[in-house]
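Asker: Got a structure for you, questions after.
The values are calculated or read from the model by the stated rules, or taken from the named source; none is laboratory data. It should be emphasised that the depicted structure is a prediction, and the values quoted were computed from it without experimental measurement. As a convention, Cβ positions derive from the backbone with ideal geometry for all residues, glycine included, and neighbour counts pool all protein chains shown. Remember, those area values only see protein heavy atoms, side chains included, never the ligands or the DNA or RNA. Shrake-Rupley method; radii C 1.70, N 1.55, O 1.52, S 1.80 Å.
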Amino acid sequence: MPEQVPAPAPPAQPNVVLIGPMASGKSSVGAALARRLSRPHVDSDQFFVARHGPIPEYFAAHGEEAFRNAEEHIVAELLASPRPSVISLGGGSVLSEATRARLCRHFVVMLDVTEEQALARIGDATTRPMLKADPAAVWKRIYAEREPLYRECADLIVEAAPPNIEARVDTIEKELPSR
Ligand code: S3P
């Protein structure tokens, strides 16, 4: 009897997934990249709000752990999309080990940002419950905690400069595996 050859692994789903800290431009770069590639753009935070309502209210009512569980489910659904998409993830998505494992099957781009750029963009932090106590100090602490996770998941790291959206889209487009 010939030895059974294991079936080849299913092809990787070619979603492009943007990860990175809060205010690194994941939503705006994701939307511009999707236009460039003629793909749908989905944003896990927007999806969360459509399903569960505003994030600050959800945090206040249910706490961070419930948010992370709900976020993990939403990210799994988005990654399983049958249509190749550009997917922007909330900054804390990579805290989930299950999400990090799922990301291995996609082309993952970390968008980096300097502390100065992020704080200038954040301005009013009321829409970001993680930052409500002291935005500058908390952003910095969270960035230090999560940076190794972003780097571990990323196939491509787009450095903080240039901050220009189209230039960042150019960088990503050049590095995309053949489509
Ligand atoms: C969070 C980031 C936010 C949002 C939520 C929590 C985080 O998304 O998911 O407020 O823990 O970093 P952005 O990265 O799009 O701001």
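Asker: What full-extension length gain, to one decimal in nm, is calculated for Thr114 and Lys174 as 0.36 nm per residue of separation minus the Cα-Cα distance?
Answerer: 19.3 nm
Asker: Please report how far the C-alpha centroid of region 128-167 lies from that of region 109-127, rounded to the nearest whole angstrom.
Answerer: 7 Å
Asker: To the nearest 20 debye, what charge dipole does the chain have about its Cα centre, counting +1 at the Cβ of each Lys and Arg and -1 at the Cβ of each Asp and Glu?
Answerer: Magnitude of the dipole: close to 420 debye.
Asker: What helices does the chain have that are whole DSSP H segments, at least 20 Å long along their own axis by Cα, and with mean Kyte-Doolittle hydropathy of -1.0 or more?
Answerer: Taking the DSSP H segments of the chain (at least 20 Å long, mean hydropathy at least -1.0), we get 55-79, 135-153.
Asker: What are the ³J(HN,Hα) couplings of region 94-105, residue after residue, when phi is run through the Karplus curve with 6.51, -1.76, 1.60 and θ = phi - 60°? Round to Hz, x for glycine and proline.
Answerer: 6, 5, 7, 5, 5, 5, 4, 5, 5, 5, 4, 8
Asker: Now for a different question. Starting from 0.36 nm per residue, how many nanometres of slack lie between Ser38 and Glu64 once their C-alpha separation is accounted for?
Answerer: 5.9 nm is the gain from fully extending Ser38 to Glu64.
Asker: Counting only helical runs of four or more DSSP H residues, what would the 222 nm mean residue ellipticity of the chain come to if each run contributes -39,500 (n - 2.57) and the total is spread over all its residues?
Answerer: -16000 deg cm²/dmol
Asker: Multiply the residue separation of Arg121 and Ala76 by 0.36 nm, subtract the distance between their alpha-carbon atoms, and state the gained length in nm to one decimal.
Answerer: Contour length minus the Cα-Cα distance gives 13.4 nm.
Asker: On to the next question. With the cut-off at 20 Å, report for the chain the share of all Cα pairs above it, as a whole percent.
Answerer: Of all Cα-Cα distances in the chain, 53 percent exceed 20 Å.
Asker: Could you please report the charge total around Glu64, scoring K, R as +1 and D, E as -1 over all other residues with beta-carbon less than 15 angstrom from its beta-carbon?
Answerer: -1
Asker: Using protein chains only and a probe of 1.4 angstrom, how many square angstrom of Arg151 are accessible, to the nearest 10?
Answerer: 90 Å²
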